There are 2 protein chains.
Amino acid sequence: MTITDVARRAGVSRQTVSNVLNSPELVREETRDRVREAIEALGYRASQAARQMRTGRSRLIATRIEPDRDGINGSVLDRFLHGLTASAARAGYRILLYAAGDERSEIDTFDDLVGSHEPDAFVLTSTYHGDGRPAWLRERRLPFVTFGRPWGNAGNAGGASGGEAAGDPEHPWVDVDGAAGTAAATRHLLDAGHRRIGFLGWPPGSGVGDDRRSGWTRALAGAGIDPAGLDQATDDGVADGEKAARDLLRAEQPITALVCASDSLALGALHAVRSLTASGQLTASGRLTAEGRLTVAGQAGGEEGLPVRVIGFDDTPVAKAVGLSSVSQPLAEAAAGCVGLLTRLFDPPSPDDPEAGGPRTHVLLQPSLVLRQSS
Amino acid sequence: MTITDVARRAGVSRQTVSNVLNSPELVREETRDRVREAIEALGYRASQAARQMRTGRSRLIATRIEPDRDGINGSVLDRFLHGLTASAARAGYRILLYAAGDERSEIDTFDDLVGSHEPDAFVLTSTYHGDGRPAWLRERRLPFVTFGRPWGNAGNAGGASGGEAAGDPEHPWVDVDGAAGTAAATRHLLDAGHRRIGFLGWPPGSGVGDDRRSGWTRALAGAGIDPAGLDQATDDGVADGEKAARDLLRAEQPITALVCASDSLALGALHAVRSLTASGQLTASGRLTAEGRLTVAGQAGGEEGLPVRVIGFDDTPVAKAVGLSSVSQPLAEAAAGCVGLLTRLFDPPSPDDPEAGGPRTHVLLQPSLVLRQSS
């Protein structure tokens, strides 16, 4: 029995029911009577109403919008925000947006918001090693969920995929299994006969980056391949990716395929393949000419002339536009998962509820591989 | 004299000053005293405070986030939202996001928000002919600004660029001069020697689309060129753009350059040029072979072999990734302009203020042309 049922029976909005319970003077007498009749007829208990009012104080969920930086990878959180707004609306919540430059200013903003708009909960994005935000909120008993798992305090904790990296098991989070995504990409390339499959990622110490690298390592290990010399770490950007990919393409033992931690890096890698091809250092078949060094080694079935394959991560609009294969995150599902966990925090199932043993405080979603011309 | 001056003098946030005035029990005594001393020292008048409190009630600005559709063009409003959140924060406001499918549900949401979170103002995006939202808000004396000028009630009003298309001169809006953008793109192509410059746009009746088409028509007229047969109208999408561009490239008198109303259409046009080239119907030099029909006519200086040039609109990340020239909207400036107009509504300059005759209720910003390989 919820406020929605009362609203439906009385033929009014949820807000009107809420007003009748909280600020009856705002509601016309006739409407007030109709709502009170519905409350009585449905046996909607005052204590339940009180809890609804207590937990549903502002009906606002606060989340940060990050500065507009890389238009390619930044689109992921934008798409998450679209999904979050839609999912929140279905649950009767609005999204309160704030901007914040760093952790200190984000926590100052929490403080300010708690004293002003009183959001019912926070959705934190982009978790990182040593993330101080969850503890701050937890100490003040402010409900939150993170999109991104807790990565623990140590940098370079490495491949904690699927587990609780560190900290509070009660920390509610939704994440996408990045390692599963890069492992699937790597296996796809192994199945196509590639052995020298490189990885283009970020410097060690980033939770998300280390997780994505670990999927590639794991898939290579499954095929008995030593990953040594097959990866490069660089800042995230198209020019950075191009530079690092050139190194891998011109190495003593060049790669024939490449899995990347982002579409920005993958786009840079495509540029590297194209410019090496255009300057005659890489033939269209994907092997360096006599002047260069690339050969396709260890292929199954003796198939020759594979081009250099590239797979990105995040399936951004740019990937679609340039024909880049990429690992796709289920962002609408992630957003719905965040709202679902919050709803459960606001309104926990009773112990004798059959769903009480159901969804926990963690949701790890599986990504999917979208194949296009680049692979 | 504003609440900001009081806050600065007392060394506290605006919110704290607001709390002292509205809910003093929330503020520690020592801080309360400091704020009251600042109010007294500065001669901040109670009547002014009352107005500030009345107009600055929630410090929330409500805006819609549109459904996640085309990842290419949708990025424009996402970037606007980033800018809006940052500009609002600098003025002491937060953004309240809502989702709405159509005008009816958006107006229902206005109604709901006014009764619940009481936003101080609304920022409306994507204005259109017959837009019923401004009138609804105006009737209820709810402050708003639109990103997009009012296009009037008649469909296909055509080319009201820069003027007040219709309605209330008090309607505050910020927009980007789309016609100036397409005119600059067209003039750039004229300067390069092109005469048969096509336009790929949307069906007549869209304010934004008609405006963008009018800039192309105007620039051609300035060069004495008849636009007949040089344009196509289609839905906005990559596949739609490809199909329409093929028609223009294979016409009796084919185009040699193309200005597009969006990057989605322009990306489709690039695909059309590439696939006609790959199938041998269009040579790399941009002319159709004997089998086809494209010739470069009327070039200045007798230069031959120009490729088919393409220019998009909105300078999305996809344009950058594929080397597409495009018209760029100053989105951060547009967002700041919206917040500026709202601030002025909340706190109008007094008649003897030197700025009183300054910025009006309309801001029309100039776009810029970003040139890349495609042109």
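Values as computed for the structure displayed
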read-out	value
Residues B:Tyr128, B:Tyr98, sorted so that the one with the fewest Cβ neighbours within 10 Å comes first	B:Tyr128, B:Tyr98
At most 12 other Cβ within 10 Å, DSSP loop - trypsin sites (Lys or Arg not before Pro), segment A:95-150	A:Arg140, A:Arg141
Whole-angstrom gap from segment B:311-338 to segment B:93-126, using each part's C-alpha centre	26 Å
Average beta-carbon neighbours from other chains, 10 Å sphere, peptide A:116-124	2
Label 7 Å beyond Cα on the Cβ vector: B:Glu25 copy-to-copy distances, nm	1.5
Inter-copy label distances at B:Pro204 (7 Å, Cα→Cβ; nm, one decimal)	6.6
Nearest beta-carbon to the B/A symmetry axis - residue in chain B, distance in Å	B:Asp78, 2
Selection from B:Gly193, B:Thr234, B:Leu220, by position along the positive dipole direction of segment B:185-236 (Cβ)	B:Gly193
Ascending list, in nanometres, of distances separating the B:Pro67 label from those of the other copies (7 Å, Cα toward Cβ)	3.4
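Just so you know, all these numbers are worked out from the coordinates, no wet-lab data involved. Since the model is a prediction, treat every value here as computed from it, not as a measurement. Cβ: placed from backbone, ideal geometry, glycine included. Neighbour counts: every protein chain shown.
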